[in-house]
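Each reported figure results from applying straightforward, stated rules to the coordinates on display, with no laboratory input. Just so we're clear, the structure is a prediction, and the values are computed from it rather than from any experiment. So basically every Cβ, Gly included, is an ideal-geometry build from the backbone, and we count neighbours across all protein chains shown.
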């Protein structure tokens, strides 16, 4: 067999090149599956619901949310009760700035974003109450889920906000 451009190549070096090529193909074929499995594992981590419920009140509306079992959600719970302001941001969320930043321990990408998610946006130090579709972005940490739907979030405007533990 004639190898064009590499006449000095021996049988052994050709065999090594074929093995390296085959190995690279096999590794590249399995990487997407491994990365997907790791991402799924991270996305479900910290999404276990707890028995920690919070009461949220603004503009005469009262509703609850269930916090997930993750360090950021526990940090939020340790700050309660809170008196904040809630305001519209974009066309899919309401936000409220916390008096201090929450821990980012255990944060990472997640999937299954849905209206009703309660998140923390670490770069700005604010809570994000999603009432329409959104996509994960770096720095976003899911804290929990609104109970009973998104309807209270559909009122536009800026209002005083009270968040406290449900007793």
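Quick notes on this one:
- Distance between the C-alpha centres of segment 102-130 and segment 86-100: 12 Å, rounded to the whole angstrom.
- Hydrodynamic radius (Kirkwood) for segment 49-165, which is based on Cα pairs only, to one decimal in Å: 13.9 Å
- For segment 139-167, the residues whose amide N sits under 15 Å from a probe point set 7 Å from the Cα of residue 132 along the beta carbon direction are 150-151, 153-157.
- The value of relative contact order for segment 113-167, using C-alpha pairs under 8 Å at least six residues apart, is 35 percent.
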